[in-house]
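Participant: Okay, handing you the structure first.
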Amino acid sequence: MTERTRQAASAAQKKEITNRWLLSAPALVLIAVASVGPLLIVLLYSVLAPGSYGDVKWELSGQGWFNVFLSRDIFDDTISLADAHVTILWRSAKLAVITTVLCLIVGFPTAYFIASRAPHNRSIWLFLITIPFWTNMLIRGFAIQEMIRNEGLANTILMKLGIISAPIQMLYTDFAILLGMVYVHLPLMVLPLYASLEKLDFRLVEAGYDLYATRLKVLWRIIIPLVKPGIIAGSILVFIPALSSYVIPRILGGGKNLMVGNLIELQFGQGRNWPLGAALSITLVIIVLFAMLYYVKNAGKTGGGHA
Amino acid sequence: MRKQQELAIEVRGVGRVYGDGAGQVTALSNIFLNIRQNEFFTLLGPSGCGKTTLLRLIAGFDFPTDGEILLYGEDIAPLPPFKRPVNTVFQNYALFPHMTVAQNIGFGLEMLGRPKTEIATRVEEMLALVHMEAMRNRKVMQISGGQQQRVALARALAPKPKVLLLDEPLSALDYKLRKEMQVELKRVQAETGITFIFVTHDQEEALAMSDRIAVMSHGEVRQVGAPWEIYDRPAERFVADFIGETNFLAADVISVDGPRIRVRLSNGSLLDATYPVDLMPEGKVTIVIRPEHAQLATPSSTAMLTGQIEDLTYLGTDTHIRVRLPDTSLFTIRQQNNRVGPIGFSAGDAVSLNISEGAAQILKD
C-alpha cells in the first residue's frame with residue numbers, strides 16, 4: 001500500500017466512525033432524555049428530605065433510604081426492620097415470579113399451537129391474542145372483578161350447579177391478583193415465544209421422534225433448548241411489569257394486598273414522602289437488574305445457539 | 001453372496017389419502033413392495049410422485065389410510081416413530097444445532113436408555129465409520145455440509161436400526177461431493193449390512209447406487225427391478241421417458257417366439273424385441289430403443305432404418321446425433337467418440353441406422 005492509499009483508507013475509516021455516531025445520535029438523545037435523565041432525578045430525590053406537603057426540601061438526607069428497610073419507633077426511637085416494606089417487596093417478587101411461571105405454562109402451549117398452524121392461519125390467532133391490548137387495563141381489571149366477586153358470574157354458576165353452598169371469597173386475594181396479572185401479561189409471553197417457535201425447524205422434532213425420544217423427551221431435549229431465547233425474552237417482558245404492577249393489585253387486591261407499585265404510589269400520594277418513594281423505586285430497579293442478570297446468566301449456561 | 005431371501009419391509013396395499021370430500025388428494029394408492037434384507041433399495045420418481053410420503057409412512061411420521069407395512073413380519077403402521085427400529089437420514093440432515101457432533105450421534109442410544117459407556121463406545125465406532133473423529137466436539141453449525149451429511153448418517157446408524165431410510169440425503173451437496181458421498185454410502189451400507197431405503201429424484205444416482213429400484217409416479221409404483229432392468233427393459237412409457245433419453249417407435253407385432261417378439265417397423269423393417277412379463281403384446285405397439293443402442297452407418301439397403309442427419313452436438317466423450325426418419329420423427333443416437341476428431345458425418349447427410357441386438361423393448365402403453 002502506498003502512503004496515499006493508506007491516508008485515504010484512514011480518512012474513510014474516520015468518516016465512517018463519525019457517520020455511525022451521527023446515525024445513532026437520535027437514539028442516544030432519546031435514551032438520555034427519556035431514560036437516564038428521569039432515573040437520575042429519582043435518584044437525586046431519594047437523598048433529599050421530605051417536604052411537609054409532598055415535594056422535597058433541598059437538603060441532603062438519608063431518611064428516604066433509611067426508611068426503605070428500617071423504621072424508627074415514634075415513641076422510644078428504637079430502630080427495627082421495616083417488616084411492612086420487606087413483606088411487600090417479598091410479596092411482589094413472589095407474585096411476579098408466579099405470574100411469570102403461570103404465563104409460561106399457559107403461554108407455551110398457546111404459542112406452540114399457533115406456530116404449528118398453517119402459515120396463513122397464524123396471523124388470525126396472533127390477532128386474537130393481541131385483541132385484549134386494545135382495551136384499557138382498568139376496564140379489564142373491573143371485568144375480572146365483576147366475574148369473581150361474591151355475587152359474580154363464577155360464584156353464581158358454581159352455586160347454581162350445587163358445587164358450593166356459599167360464595168368463595170376470590171376477590172381481594174392473591175388469587176385475584178394472580179388471575180389478573182396472568183391475564184394482562186399473557187400476550188407479552190406468547191408473542192416472543194411464538195417468534196422463537198415459528199423459527200423452530202419442525203424437522204428437528206421429527207428427528208427427535210425418529211431417534212426414539214418420546215413426546216416429553218422431545219420437548220425437554222429439543223424444543224425447549226431451541227426456543228430458550230424466546231422463553232428468556234418472554235419471562236423478562238412479563239416479570240418486569242408484573243413486579244411493578246399497580247392497577248391490577250389495586251383493583252383486584254383491594255387495599256390490603258399491596259404490591260410494591262402501590263407502596264410507591266402511596267408515598268407520592270397520601271404518604272407525602274417523596275424521598276422514600278424515590279428510594280423504593282430505585283430499590284425496585286436494582287432488584288429487577290439483579291434478577292435479570294441472574295436469569296440471563298443461568299439461562300445462558302445451558303442455552304443453545306439458535307439455527 | 002449376501003443373504004437376500006428374508007424380507008425386511010413388506011408394503012401391502014398401502015394408500016394415503018389427504019383431506020376428504022371434494023378436496024381429497026391421493027398421495028399414494030395401492031402400493032405393494034417387498035424390500036429384502038441387506039438391500040440398497042431406491043424409490044425413484046419426480047417430485048410429487050409419493051416417494052417421500054411412502055418413506056414417511058415407513059418412518060412413522062405419517063400413517064397410511066389403507067394397507068399395512070410389515071417390518072420383518074410385524075405390522076408397524078400403527079406404531080409411533082419412536083417405537084420403530086427404523087431411523088432416518090433427513091433431506092436437510094435435521095441435526096440438533098444445540099448439541100455437538102458426538103451428542104447428536106449418541107442421542108438415539110441415550111433415548112433408548114443405554115448405559116453411558118456403551119453410548120461412548122458406539123459413538124466412537126460411528127465417528128470412525130464416517131471419518132469424523134476429529135470433529136466430535138464441534139457444534140454442528142461449525143462443520144461443512146458434507147460433514148453434516150456424514151454426522152446425519154452416523155446419527156441414524158448409531159442405534160443399529162433394522163432399516164435405514166434416506167430422504168434425498170445428497171440433494172443439498174455440490175456435484176463432486178455428491179459423487180463422493182455416493183461411494184461413501186455404498187461402502188457404509190456394505191460394512192454395516194443394514195437395509196437401506198433411499199429416496200431420490202436423480203435417476204443417475206439411483207442407477208449408480210441401488211440393488212433394486214422402484215420407479216414411482218402419481219402415487220403408484222410403475223416398475224420394480226435392478227438398475228439395468230429399469231434402464232434397458234422399461235415396462236412403460238413413463239419409466240422409459242423418466243430414466244435417460246429414449247427413442248419411441250411405432251411397430252406392429254408379427255409373431256411371438258418365447259421371450260422374443262418379432263415386430264415390423266413403419267418402414268417395413270423387421271426387428272426382434274423383448275417385452276414385460278405381464279404383457280401379451282399384439283397389434284400395434286410402441287417400442288423403445290436407447291440412443292446408445294443404435295449406430296450410424298453409411299446408407300445401405302440392408303439397414304434397419306434410414307434417414308437424414310438433422311443436427312450433431314459434440315459433447316467431448318460422446319456426440320449426439322438427431323436423425324430425421326422418413327416418417328418425419330426424430331431418432332436420437334449417442335455415439336461414443338472413440339476416435340480423435342469429428343465423427344465423419346455432418347448435418348444433412350443421408351445415413352442408415354443399425355440397432356444393437358436385443359436393444360428394442362415393447363412398452364405396455
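The values are calculated or read from the model by the stated rules, or taken from the named source; none is laboratory data. If you're wondering where the values come from, they're calculated on a predicted model, not measured in any experiment. Note that we place each Cβ from the backbone using ideal geometry, even for glycine, and neighbour counts take in every protein chain shown. We work out accessible area using only protein heavy atoms, side chains counted, and drop any ligands, DNA or RNA first. Shrake-Rupley method; radii C 1.70, N 1.55, O 1.52, S 1.80 Å.
Participant: Quick one: Karplus J couplings for region B:305-319, per residue in order, coefficients 6.51, -1.76, 1.60, θ = phi - 60°, nearest Hz, x for Gly and Pro?
Facilitator: 3J(HN,Hα) across region B:305-319, in whole Hz: 9, 10, x, 10, 5, 7, 7, 10, 10, 8, 10, x, 6, 10, 10.
Participant: Okay, moving on. How big is D, in µm² s⁻¹, for region B:186-239 by Stokes-Einstein at 25 °C and 0.890 mPa s if Rh is the Kirkwood radius over C-alpha pairs?
Facilitator: Rounded, D is 205 µm²/s.
Participant: Something else: Across peptide A:197-209, how many C-beta atoms of other chains are within 10 Å of each residue C-beta, on average? Walk me through the numbers on the way to the answer.
Facilitator: Numbers: counts 0, 0, 0, 0, 5, 1, 8, 7, 2, 8, 15, 7, 10.
If you average over the peptide's residues, the count of other-chain Cβ atoms is 5.
Participant: How large is the helix-only mean residue ellipticity at 222 nm for chain A, computed as the sum of -39500 (n - 2.57) over DSSP H runs with n ≥ 4, divided by its residue count, in deg cm²/dmol to the nearest 500?
Facilitator: Estimated from H runs of four or more residues: -22500 deg cm²/dmol.
Participant: Got a number for the accessible area of A:E59? Probe 1.4 Å, square angstrom, nearest 10.
Facilitator: Rounded to the nearest 10, the figure is 100 Å².
Participant: Could you tell me what fraction of 2.2 N^0.38 Å the Cα radius of gyration of the protein assembly as shown comes to, as a two-decimal ratio? Walk me through the intermediate numbers first.
Facilitator: On the way: Rg = 37.9 Å, N = 672, 2.2 N^0.38 = 26.1 Å.
Ratio of Cα Rg to 2.2 N^0.38 Å: 1.45.
Participant: If packing is taken as the mean number of other Cβ atoms within 10 Å per residue, what is the order of A:222-232, B:140-150, highest first? Write out the running numbers ahead of the final one.
Facilitator: Details: A:222-232: 21.3, B:140-150: 17.6.
Put in order of decreasing packing, that is A:222-232, B:140-150.
Participant: Please give the Cα centre distance for region A:68-121 versus region B:160-184, rounded to the nearest Å.
Facilitator: Cα centroid to Cα centroid, the span is 53 Å.
Participant: Further question: Using only Cα atoms, tell me the angle between helix B:175-192 and the longest principal axis of chain B; keep it within 0 to 90° and round to the nearest 10.
Facilitator: 60 degrees
Participant: Moving on. Any lysines with Cα under 26 Å of the A:K94 Cα? List them, leaving off those in the same chain fewer than 8 positions away.
Facilitator: A:K228, A:K256, A:K297, A:K301
Participant: Heavy atoms only, 1.4 Å probe, whole protein assembly: order A:H185, B:H293 by accessible area, highest first. Display every interim value, and only then the final one.
Facilitator: Values: A:H185 15, B:H293 45 Å².
Sorted by accessible area, descending: B:H293, A:H185.
Participant: Continuing with this model, one more query. Calculated from DSSP H runs of 4 or more alone, at -39500 (n - 2.57) each and per residue, what is the 222 nm mean residue ellipticity of chain B, nearest 500?
Facilitator: Roughly -7000 deg cm²/dmol at 222 nm, from the helical runs in chain B.
Participant: Which whole-number percentage describes the relative contact order of region B:162-255, with Cα contacts under 8 Å and a sequence gap of 6 or more? Mind showing how you got there, number by number?
Facilitator: On the way: 84 pairs, mean separation 19.0, N = 94.
It rounds to 20 percent for region B:162-255.
Participant: Could I ask something else about it? In terms of modelled amide H atoms, which long-range or inter-chain residues lie less than 5 Å from the amide H of B:G67?
Facilitator: Correct list: B:G15.
Participant: Once a ≥ b ≥ c are taken as the square roots of the eigenvalues of the Cα gyration tensor of region B:8-49, is the result rounded (a/c under 1.5), prolate (a/b larger than b/c) or oblate (a/b not larger than b/c)?
Facilitator: Because a/c hits 1.5 or more and a/b fails to exceed b/c, region B:8-49 counts as oblate.
Participant: Here is a further query. Against the longest alpha carbon principal axis of chain B, how many degrees, from 0 to 90 and to the nearest 10, is the axis of helix B:116-129 turned?
Facilitator: Between helix and principal axis, roughly 30 degrees.
Participant: In the structure displayed, which of B:K83/B:K162; A:K217/B:K116; B:K51/B:K160; B:K160/B:K186 lie more than 21 Å apart, Cα to Cα?
Facilitator: The pairs that break the limit, which is 21 Å between Cα atoms, are B:K51/B:K160.
Participant: Can I ask one more? Amide H neighbours of B:R222 under 5 Å, counting only residues 5+ apart in sequence or on other chains, H built in-plane at 1.01 Å?
Facilitator: B:V215, B:M216, B:S217
Participant: Still on this structure: Per residue of region A:170-182, in order, report the coupling 6.51 cos²θ - 1.76 cosθ + 1.60 (Karplus, θ = phi - 60°) as ³J(HN,Hα) in whole Hz, putting x for Gly and Pro.
Facilitator: Rounded to whole hertz, the list is 10, 5, 6, 10, 4, 4, 4, 4, 4, 4, x, 5, 5.
Participant: Rounded to the nearest 5, what is the percent of antiparallel bridges among the DSSP beta bridges in the protein assembly as shown?
Facilitator: The answer is about 75 percent antiparallel.
Participant: Then there's this: Can you list the HN-Hα couplings for region B:264-273, worked out from phi with the Karplus curve (6.51, -1.76, 1.60; θ = phi - 60°), rounded to whole Hz and with x for Gly and Pro?
Facilitator: Each residue of region B:264-273 in turn: 10, 7, 5, 8, x, 5, 9, 8, 8, 9 Hz.
Participant: For a quick check, take a GNM of chain B with Cα springs below 10 Å and name the residue from B:D232, B:D318, B:D257 with the largest mean-square fluctuation.
Facilitator: B:D257
Participant: Here is a further query. Looking at chain A, identify the longest residue range that excludes and avoids all chymotrypsin sites (Phe, Trp or Tyr not before Pro) in DSSP loops having at most 14 other Cβ atoms within 10 Å.
Facilitator: Within chain A, the longest run free of exposed chymotrypsin sites (Phe, Trp or Tyr not before Pro) spans A:76-307.
Participant: Enumerate the amide H contacts of B:R138 below 5 Å, restricted to partners 5 or more residues apart or on another chain; note that Pro and chain-start residues carry no placed amide H.
Facilitator: Amide H neighbours of B:R138: B:V101, B:A102.
Participant: Further, regarding this structure: Quick check: the angle from helix B:101-111's long axis to the longest principal axis of chain B, C-alpha only, nearest 10 degrees?
Facilitator: 70 degrees
Participant: Follow-up. Quick one: compute the contact order of chain B, relative version, from alpha carbon pairs under 8 angstrom and 6+ residues apart, as a percent.
Facilitator: Working: 761 pairs, mean separation 54.7, N = 365.
After rounding, I find 15 percent.
Participant: Ordering A:V285, B:V101 from largest to smallest accessible area (1.4 angstrom probe), what's the sequence?
Facilitator: Details: A:V285 60, B:V101 0 Å².
Correct descending sequence by accessible area is A:V285, B:V101.
Participant: For the A and B pair, go ahead and give the buried accessible area with a 1.4 Å probe, both sides summed, in Å² to 100.
Facilitator: In total, chains A and B hide about 2200 Å² from solvent.
Participant: Here's another thing I want to ask about it. If you count the DSSP beta bridges with both ends in chain B, what percent of them are antiparallel, to the nearest 5?
Facilitator: In chain B, approximately 75 percent of DSSP beta bridges are antiparallel ones.
Participant: Rounded, prolate or oblate: which fits region B:7-232 when a ≥ b ≥ c are the square roots of the eigenvalues of the alpha-carbon gyration tensor, with rounded for a/c under 1.5 and prolate only if a/b beats b/c?
Facilitator: Judged from the Cα gyration tensor, region B:7-232 comes out prolate (a/c at least 1.5, a/b above b/c).
Participant: Counting other Cβ atoms within 10 Å of each Cβ, which trypsin sites (Lys or Arg not before Pro) in region B:1-92 have at most 14 and sit in a DSSP loop?
Facilitator: B:R2, B:K3
Participant: Considering only protein heavy atoms and a 1.4 Å probe, what is the carbon-and-sulfur percentage of the accessible area of region A:83-302?
Facilitator: The C+S portion of the solvent-accessible surface of region A:83-302 is 72 percent.
Participant: Report the residue, chosen from B:A294, B:A77, B:A250, that carries the largest GNM mean-square fluctuation when chain B is represented by alpha-carbon nodes joined by springs under 10 Å.
Facilitator: So, out of B:A294, B:A77, B:A250, the one fluctuating most is B:A250.
Participant: I've got another one for you. If the elastic network links every pair of Cα atoms under 10 Å, which of A:T100, A:T283, A:T214 fluctuates the most in the Gaussian network model of chain A?
Facilitator: Looking only at A:T100, A:T283, A:T214, the biggest GNM fluctuation is shown by A:T214.
Participant: Distance in nm between label sites at A:F290 and A:W134, each 7 Å beyond Cα in the beta-carbon direction?
Facilitator: 4.3 nm
Participant: Turning to a different aspect of this structure: From the Cα gyration tensor of chain A, with a ≥ b ≥ c the square roots of its eigenvalues, which class applies: rounded if a/c is under 1.5, or else prolate if a/b is larger than b/c, or else oblate? If you can, show how the numbers build up before the last one.
Facilitator: Numbers: a/c = 2.17, a/b = 1.07, b/c = 2.02.
Cα axes put chain A in the oblate bin.
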